[in-house]
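Here's the structure, in structure tokens; my notes come after.
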Amino acid sequence: MRTTPITKPSEVKRKWYVVDASGHTLGRLSSEIAKVLKGKNKPIFSTFIDTGDYVIVVNADKIKVTGKKLDQKIYKRNSGWVGGLKTTTLREMLNRKPEFVIEHAVKGMLPKSAIGDHMLKKLHVYAGSDHVHAAQKPEVLNITY
């Protein structure tokens, strides 16, 4: 009787990838990054084991969006107090914290569980072109859509 091979966490070999976000569309780039973080680009993909790789995103401040999203897309947070709702547009967020924009988009595409939290920790986003992960020898991940 043949059985389906099940990947063990010790068998997973993780790679490091670097992605240049300049000129890419936010949603399309985020979905490709989420696929790599989940491990869907590998033949050993399994839903209940984190088989994904590490992803470094540089030039997050040069991301582009289509339409009127710069002024119409709103990020909300609440302090928990009455009247404590704070809203920020995408334009303001790109000026203040461009890393948050990509992290937030990718987080929404990952599983809403402990495994999703573990996947998100493998994402490193930087506003500029420099990163501190040169020792890991990351490969360039070409995003084509």
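Every read-out reported here was derived from the displayed coordinates using simple, explicitly stated rules and does not represent laboratory data. Everything numeric in this text was worked out from a predicted model, so none of it was measured. Counting neighbours? That spans all protein chains shown, and the Cβs are built from the backbone with ideal geometry, glycine included.
Computed quantities for the displayed model
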| read-out | value |
| --- | --- |
| Subset of the stretch 64-101 [closer than 26 Å to residue 128 by Cβ and polar (S, T, N, Q)] | 66, 88, 89, 95 |
| Inter-residue pairs, beta-carbon under 9 Å, first within 17 Å of residue 57 (Cβ to Cβ) and in the stretch 91-103, second β-branched (Val, Ile, Thr) and part of a helix (DSSP H, G or I), 6+ apart | 93/101; 94/101; 102/33 |
| Residue satisfying condition, being over 17 Å from the mean Cα position of the chain (by Cα) and among the β-branched types (Val, Ile, Thr), within set 49, 63, 56, 143 | 49 |
| Residues of the stretch 121-135 satisfying the condition of being part of a loop (DSSP other than H, G, I, E, B) and within 9 Å of the chain's Cα centre (by Cα) | 122 |
| Pair list, Cβ under 7 Å, 6 or more apart: the stretch 63-80 residue basic (Lys, Arg), other residue part of a strand (DSSP E or B) | 64/25; 73/89; 76/85; 76/87; 77/86 |
| Qualifying residue in the stretch 25-32 (condition: hydrophobic (A, V, I, L, M, F, W, C), within 10 Å of the chain's Cα centre (by Cα) and under 23 Å from residue 137 (Cβ atoms)) | yes |
| Any chance residue 118 is farther than 11 Å from residue 60 by Cβ, assigned to a helix (DSSP H, G or I), in contact (Cβ under 8 Å) with a residue 12 or more places away in the chain and in contact with a strand residue (DSSP E or B) (Cβ under 8 Å, 6 or more places away or on another chain) | no |
